[in-house]
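Reviewing the structure listed below.
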Amino acid sequence: MILICIFMKAGDSIGTPLSETAIRVMMLGSGELGKEVVIELQRFGVEVIAIDRYDNAPAMQVAHRSYTISMLDGKALRQIIQKEKPHLIVPEIEAIDTATLAELESEGFTVIPTARATQLTMNREGIRRLASEKLKLLTSPFRFAESQEELQNAAKELGFPFVVKPIMSSSGKGQSVVHNESEIHKAWEYSQMGGRASNRKIIAEGFIDFDYEITLLTIRHEGGTSFCEPIGHLQIDGDYRESWQPQPMSEIALRESKRIAKTVTDDLGGRGIFGVELFIKKDTVYFSEVSPRPHDTGLVTIASQDLSEFALHARAILGLPIPEIKNFGPSASCAILSEGNSKNITYSNLQKVLSCPGTHLRLFGKPEISGKRRMGVVAVRAGDIETARNMARDAVGEVKIIL
């Protein structure tokens, strides 16, 4: 088997989709973030194969073809990759058999950003040990536990309150705050329901009295490392609800944030966008987590920048230049949430939603809802952050969802 060596250099050619010259990219995970990446890749004439655990996932709807499998099934994943022979394999979610990705990379496939980066960042233990023990970055105090008894011991060392997270999860699943000893059992049980894969291990994190937290989108590309303006965000139950850009912060804190982000992403290597999450206390910066792919808080960039985080990711992984990232000024995003059970979802009152200048709307096209789910996002530009946040919330309030 011969694989085309890609990353391309600036000026290299791109073939035609569905032909012998096509550059094939396989998305592992086909949610709303992956959908935006697929659209950007198709602007360059890239052939895209989308994979997810359920049919008609958002990115599948805009890809050339798709497959439905559990990506934790290494054998099934390997069979599809060997069949399709993608030039680039792009993970979009945590629930992937990363050991299989590492094997495939050793056989000549290219994993974005690297198989090692995917393994480390999709497991909170791996990335936290890397940041704290190898790179010597400042983090919150933490302990790992594989049983409720070990979690109780961790509580004695960390003190209350502290946060419990499965080492593999996303969107706040399995995450809770423990305020006293009586809540430990409930937190342990919830972590076991919300974690991905069969790993029972959790991370318990002591609280940091931080002023605010940011996502610093960090792009490794053919010209070096670039940064977007810092993104502030609001999370509820560990899940993204709002984000805004730029987050006001001191030059000292911003400089240190960039240093930490570059230190981590240089160690992880490869190309693409990384969402580096940081806690800020005055001018002190604590490393929290990093995602080696577009970040949900980065949805604000569909309004705030000339190149969204998705466009930046597409350029970076294809080896195309990113000479400048132009920020348009204060912007904010707000998630559109719905709750219920339906496979027939209708959105209305969109004329009202889009009536204000500078407003952007994305409906993700998720085929069904069972419980609470993020179904879309509104992003707006305004004269200042507070106005932008209010406008985004107001616009989301106008969206009518019929289940």
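Bear in mind that the values in this text are calculations on the coordinates, not laboratory data. Keep in mind that this is a model prediction, so the values were computed, not measured. All Cβ positions, even for glycine, are placed from backbone atoms using ideal geometry, and neighbour counts span all protein chains on display.
Which ordering of Glu105, Glu339 is given by a fewest-first count of other beta-carbon atoms within 10 Å? Please report the intermediate quantities before stating the final value.
Working: Glu105 16, Glu339 12.
Ranked by crowding around the Cβ, least crowded first: Glu339, Glu105.
Sort Phe364, Phe210 so the one with the fewest other Cβ atoms within 10 Å of its own Cβ comes first.
Details: Phe364 20, Phe210 16.
The order, fewest Cβ neighbours first, is Phe210, Phe364.
Neighbour counts of C-beta atoms inside 10 Å place Arg65, Arg124 in the sequence Arg65, Arg124, starting with the fewest.
Give the relative contact order (percent, whole number) for the chain; include only Cα pairs under 8 Å separated by 6+ residues. So the answer I get is 14 percent. When you restrict to C-alpha pairs under 8 Å that are six or more residues apart and normalise by the size of the range 162-319, the relative contact order lands at 21 percent.
Strictly over 24 Å apart at the Cα level, which of Lys186/Lys366; Lys343/Lys400; Lys156/Lys258; Lys165/Lys258 would you flag in this model? If you can, show how the numbers build up before the last one.
On the way: Lys186/Lys366 31 Å; Lys343/Lys400 16 Å; Lys156/Lys258 34 Å; Lys165/Lys258 26 Å.
Among Lys186/Lys366; Lys343/Lys400; Lys156/Lys258; Lys165/Lys258, the Cα-Cα distance tops 24 Å for Lys186/Lys366; Lys156/Lys258; Lys165/Lys258.
Using the Cβ-Cβ distance between Lys186 and Leu138 with R0 set to 41 Å, the FRET efficiency works out to roughly 0.85.
Take every Cα pair under 8 Å whose residues are at least 6 apart in sequence, average their separation, divide by the length of the range 212-402, and the relative contact order is 21 percent. Take each uninterrupted DSSP H stretch in the chain, measure its Cα extent along the helix axis, and return the ones at 18 Å or beyond whose mean Kyte-Doolittle hydropathy is at least -0.5. Within the chain the helices that satisfy the rule are 251-268. Specify the inter-centroid distance of the range 308-353 and the range 70-107, based on alpha-carbon positions, in whole Å. The distance from the Cα centre of the range 308-353 to that of the range 70-107 comes to 26 Å.
When you work out D = kT/(6 pi eta Rh) for the range 24-111 at 10 °C and 1.306 mPa s, using the Kirkwood radius from C-alpha pairs as Rh and the Stokes-Einstein form, the result is 126 µm²/s. Please name which of Ala314, Val163, Cys228 has its Cα lying farthest along the dipole of the chain towards the positive end, using unit charges on Cβ (Lys, Arg +1; Asp, Glu -1) and the Cα centre as origin. Final value for the positive-end residue is Ala314. Amide H contacts of Gly31 (H built 1.01 Å from N, in plane; Pro and chain starts excluded): Ala59 sit under 5 Å, all sequence-distant by 5 or more or on other chains.
What per residue convex hull volume, in Å³, comes out for the range 212-402 when only alpha-carbon positions are used? Intermediate results must be reported in sequence, preceding the final value.
Values: hull volume 23.2 nm³, N = 191.
Considering the Cα atoms of the range 212-402, their hull volume per residue is 122 Å³.
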